[in-house]
Amino acid sequence: MNKKLSIVVPCYNESKNLDRLVSAFRTAIGPRQDVELILVDNGSKDETPAVLNELLARPENAFARSVCVEVNQGYGYGILYGLKAGDGEFLAWTHADLQTPPEDVIRALDHIEQMPQPQLSLVRGNRKGRPFFDQFFTSAMGWVASAALSGSYFDVNAQPKVFHRSLMNHMEDAPYDFTLDLYLLYVAEKLKLDVQLVDVRFDLRTEGESKGGGTLAGKYRLCKRTFSQIWKLRKALKASPPQLAPAANPTDEAYEKRSAA
């Protein structure tokens, strides 16, 4: 059966969280056979490969499969690697920490399919229930990014992101780190896609360690990388904006060439 949606989840040292993760997606996807889960072993150094092999061998987890990045090259690289492997008409990504419930990805798919032009649209999460300091930090970053890039870039790292696979034709220069989320929204803005928000619940991580801005040091690193990416994208404003290509499967040539570099 052709897939309607491919959900990519990057997993770096998530062995303790994988059982809960797969179980939660199994419940969210239910009997649907047109949704696949792609778990990216993003160069893990713990027991993630062994746990994935055991979980995905179970018949009840036939909706899921895994791809492996041998050496970790960044959060963004893992997501791009998984997106390239996806078969869905629509693509999505979210995190492995279950802070955004899997059922919100399915809600986002339902939302984008009801939009006037799904192929020219993007749906992203709008986090609710976050601690005050995290919300303040995110808002401040959003104001800076929006002012610098002349668009709306608030709660950039909220998950999920759901979009038509043709958008991958414009992701050849996507960054390999945590600024991938910002880059995706920048491309969507330049292509004048219809970007809409869906409210998502934001829970506490129960297993494993945060890989992004979960700590003060992580927030500093994320802030530094984000400002660097904002400056890079600001300079790109002087160039011609990307033109929307007809809906088609993305070519692998540019991605493979860049990955081999």
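The values are calculated or read from the model by the stated rules, or taken from the named source; none is laboratory data. Quick caveat: nothing in here was measured; it's all calculated off a predicted structure. Neighbour counts run over all protein chains shown; Cβ positions are idealised from the backbone, glycine included. All accessible areas refer to the heavy atoms of the entire protein, side chains included, with ligands and DNA or RNA removed. Shrake-Rupley method; radii C 1.70, N 1.55, O 1.52, S 1.80 Å.
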statement: Log entry, pairs with first residue in the stretch 104-127 being within 21 Å of Val156 (Cβ to Cβ), second being among the hydroxyl-bearing types (Ser, Thr, Tyr) and open to solvent by less than 60 Å² (accessible area, probe 1.4 Å), beta carbons closer than 7 Å, six or more apart or on different chains, reads Val105/Thr94; Ile112/Ser121; Met115/Ser121; Gly125/Thr100
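Can you tell me which residue among Lys161, Lys190 is charged (D, E, K, R), crowded, with 16+ Cβ neighbours inside 10 Å and in contact with a helix residue (DSSP H, G or I) (Cβ under 8 Å, 6 or more places away or on another chain)? I'd like the intermediate steps shown before the answer.
Working: Lys190 fails: in contact with a helix residue (DSSP H, G or I) (Cβ under 8 Å, 6 or more places away or on another chain).
Selected residue: Lys161, the only one of Lys161, Lys190 that is charged (D, E, K, R), crowded, with 16+ Cβ neighbours inside 10 Å and in contact with a helix residue (DSSP H, G or I) (Cβ under 8 Å, 6 or more places away or on another chain).
Considering each residue of the stretch 15-30, count those that are among the charged types (D, E, K, R) and buried (at least 21 other Cβ atoms within 10 Å of the Cβ), and give that number. Give the steps one after another, and end with the answer.
Here is the first cut: in the stretch 15-30, the ones among the charged types (D, E, K, R) are 16, 19-20, 26.
Next, only the ones that are buried (at least 21 other Cβ atoms within 10 Å of the Cβ) stay: none.
So the answer is 0.
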- request: Kindly establish whether Asp46 is farther than 17 Å from Leu109 by Cα, open to solvent by 40 Å² or more (accessible area, probe 1.4 Å), of a type outside the set (Lys, Arg) and not in a strand (DSSP E or B).
  value: yes
Those residues of the stretch 84-103 which are open to solvent by less than 10 Å² (accessible area, probe 1.4 Å), outside any loop (DSSP other than H, G, I, E, B) and farther than 20 Å from Asn13 by Cα, in sequence order: Phe90, Leu91, Ala92
